[in-house]
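The values are calculated or read from the model by the stated rules, or taken from the named source; none is laboratory data. These numbers come from a predicted model, not from an experiment.
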Amino acid sequence: MAGLFAEVTAPVVAALRRQAIVYGLISLGGLVVIFAMGYGLDAGRNLLMFRYGPVWASLIVSGILLAIAVAAAGAAMLIRSRRPRPAPPSPPRSVARERQPYSAAAMAAAGATTAAVVTAIVVLVRSRTGRTLMARLRKSLAPA
């Protein structure tokens, strides 16, 4: 019985493990981006420090960071103030949502595709260029 339980839960465990790995890698990438931004911020402050002095460099960097924070807070307030769109009405449970495998549209599409492929083959075989291409192909595939 335990083997059956393990067989049933194995795909779920594999999917959860895969999701954990994906989110872990995304988190690691986000942390590396944050560290890179900090490193760039420090490099920018050093550049400003040599040009304007240590106090003005710190004030410029903090002013830029404050402007970014105000812009992010303003964007958050703007998004929060918008009214959410109403959800579209869901179809009744009895209506099938997916396409039926033998519907008229599916059969017409399959027939049209088959007709297009057959037509292309006939045109290729009947045309002079197609015949020369097929002769070259036969020659190249013939045993030496």
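Some observations on this one:
- Within the stretch 55-103, considering residues that are of a type in the set (A, V, I, L, M) and more than 30 Å from Leu41 (Cα to Cα), the one modelled with the highest pLDDT: Ala87
- Restricting Ala20, Ala43, Ala10 to residues that are over 33 Å from the mean Cα position of the chain (by Cα) and either part of a helix (DSSP H, G or I) or not assigned by TED's automatic domain parsing to the domain that holds Ile68 (or both) narrows the list to Ala43.
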